[in-house]
1. With 423, 474 as the choices, which residue is of a type in the set (A, V, I, L, M, F, W, C), out of contact with any Pro (no Cβ under 9 Å at 6 or more places or on another chain) and either more than 30 Å from residue 49 (Cα to Cα) or assigned by TED's automatic domain parsing to the domain that holds residue 140 (or both)?
2. Given 354, 364, 337, 360, which one is of a type in the set (Phe, Trp, Tyr), farther than 16 Å from residue 127 by Cβ and modelled with pLDDT under 75?
3. What is the residue count in region 1-34 for residues that are modelled with pLDDT under 80 and within 15 Å of the chain's Cα centre (by Cα)?
4. Name the residue that is surrounded by the most Cβ atoms within 10 Å (Cβ to Cβ), counting only residues in region 422-452 that are part of a strand (DSSP E or B) and free of Cβ contacts under 8 Å to residues at least 40 places away in the same chain.
5. Can you report the number of residues in region 409-463 which are over 21 Å from the mean Cα position of the chain (by Cα) and of a type in the set (Ser, Thr, Tyr)?
6. Got a sec? Which of 157, 183 is over 21 Å from the mean Cα position of the chain (by Cα) and either assigned to a helix (DSSP H, G or I) or outside the structural domain of residue 65 (by TED's automatic domain parsing) (or both)?
7. How many of the residues making up region 156-183 are within 15 Å of residue 346 (Cβ to Cβ) and either free of Cβ contacts under 8 Å to residues at least 12 places away in the same chain or among the aromatic types (Phe, Trp, Tyr) (or both)?
8. For the list (1) of a type outside the set (Asp, Glu); (2) crowded, with 21+ Cβ neighbours inside 10 Å; (3) within 30 Å of residue 155 (Cα to Cα), I need the number of the one condition that residue 81 fails.
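The values are calculated or read from the model by the stated rules, or taken from the named source; none is laboratory data. Model, not experiment: these values are computed from the prediction. No Cβ is skipped: glycine too gets one built from the backbone with ideal geometry, and neighbour counts run over all protein chains shown.
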Amino acid sequence: MVSAYLLSLLFSFIYGFLAATSKRREAIMLPILDILQSIPILGFFPAAIYFFVSISPTKMLGAEFAAIFLIFTSQAWNIAFSVYESISMIPKDIEEAYNLFDPEGNLKLFRLYIPATIPKLVYNSILSWTNGWFFLVASEIFAIGSESYRLPGIGSFILEAASQNKISLMFLGVLVLAVIIVFLDLFIWKPISQWSRKYTYSVSPGEEETKEAWDVVIIFWEAVGNFFKYIFRFIKKINLRPALNFNFLKRFWRGKIANIFRKAVLVILLGLVGYLSFIVLKAIPSIVIQLKFGDFLVSIKALLYSFLRILVSYIIAFSWTFPFAIFLFRNPKAARFISPVIQILPSIPAIAFFPLILYFLLPFKGGLNITAIIIILSGMQWYLLFTVYGGLKTIPDDLQEFTDSFGVRGITRLKRLLLPAALPSIMTGTITAVGGAWNALVVAEYTTLNNKVYSVTGIGSVLNSSIASNNQSLFIISLFVMVATVFSMNHFVYRPLYDKIINRYRMES
């Protein structure tokens, strides 16, 4: 998890920086990033395992590389967009001032670009880290046909306990995972998030953080601070000075060297893209020969079943998240106590509960379908809740007072104020939620427990079963159908609808 996150940070800053500092690069790099973000990552995980296992000395090492790659792809695109957006949104007058007083650009990286990216980088890192938990557990308990890849970790521990019908151990594993996630959220991400606020230009409505009783967090970090103070005093007493001098970084980042570095990184990226494109184009003729029309029909049928599950899950998610978001918005005191809880809950990956849910629902008729819908629902509902609640919080106070003064209540208030204000956020949440649902399908529709395969008809199930049976034609066609559907929905349905809603219901200052 940490390795994948560090790789994501490195990639994201370089990619986002290059895209934001050149219109020519932006025209090439942004569409690529948009496509990568639209692709259901878990759909490629069987292929990723096959690739990394084939190039690694051992299968387990290949599975480890595949797991890191999977988590990396679940985090990197989101963080890269935040870097690009942060640098692109730097006020022109500030950038012009740096250009005037620092024409060679020696200070812009460390004094302007990096500080400007910190707030969004931290916020998107929290989201990406949360997203990474789901893929971490998925990568540890992933099985392809008869081949089972169980990496050392909490996810494989939960699966092992479930396969042996040790319910108490399974509960213990889930509890330990929840405690780790809560600890990281309270003691790592929350202080970092608070620290990042000093780099913001301004705070827009709805972004102010309510004062919460995090006394235990303060006490914890005071203890950590006192510990390091003691260490530093000890080092000072024995006259041990740090051997490293980081001033060389400033000397390194000079005009010509910086330009060479940027061009070198761009050449490497383009070289990698070109090499991968060459491999794909070279393989196309042999792939096309293997394709069968019957597999296309199977994939379309499976896609319809999966789409129906996503639709049912979305209806269930929206039916409770929208009213609940309104309740939180209308009751600030309740929100103050509930918000910390609902901020932590999404971090706990529902896939960790998959064996437990399956254990209880399997005896019932339609239990597998219900289990699949629960997993898909867990992958989308929090996106909706957070975005809708965030959208409602941006409603100006004077507009609320205006509607209150005229006695606007109930359905009229919902139609005239709350729904129009929330529509852009609903659309944003829908796009993100459905994207999460497509990823959840690969796990929700197919799993192996006690050396027995449990599956329902769907595109995720087809992807896994085609790998298990070594049916390359079915795998390629089903993956293409899934990616093409997601990409088409994003660009021909969501984007036009989103632009229309934004233009009509935008809040004007």
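1. Values: 474 fails: either more than 30 Å from residue 49 (Cα to Cα) or assigned by TED's automatic domain parsing to the domain that holds residue 140 (or both).
Being of a type in the set (A, V, I, L, M, F, W, C), out of contact with any Pro (no Cβ under 9 Å at 6 or more places or on another chain) and either more than 30 Å from residue 49 (Cα to Cα) or assigned by TED's automatic domain parsing to the domain that holds residue 140 (or both) holds for just one of 423, 474, which is 423.
2. Of the residues listed, the single one that is of a type in the set (Phe, Trp, Tyr), farther than 16 Å from residue 127 by Cβ and modelled with pLDDT under 75 is 354.
3. 2
4. Residues of region 422-452 that are part of a strand (DSSP E or B), as a first pass: 446-449, 452.
Add one more test, that the residue is free of Cβ contacts under 8 Å to residues at least 40 places away in the same chain, and what stays is 446, 452.
On the way: 446: 23, 452: 8.
Of everything passing the filter in region 422-452, 446 is surrounded by the most Cβ atoms within 10 Å (Cβ to Cβ).
5. The number of residues fulfilling the criteria is 8.
6. Matching residue, one of 157, 183: 157.
7. Here the count works out to 0.
8. All conditions are met except number (2).
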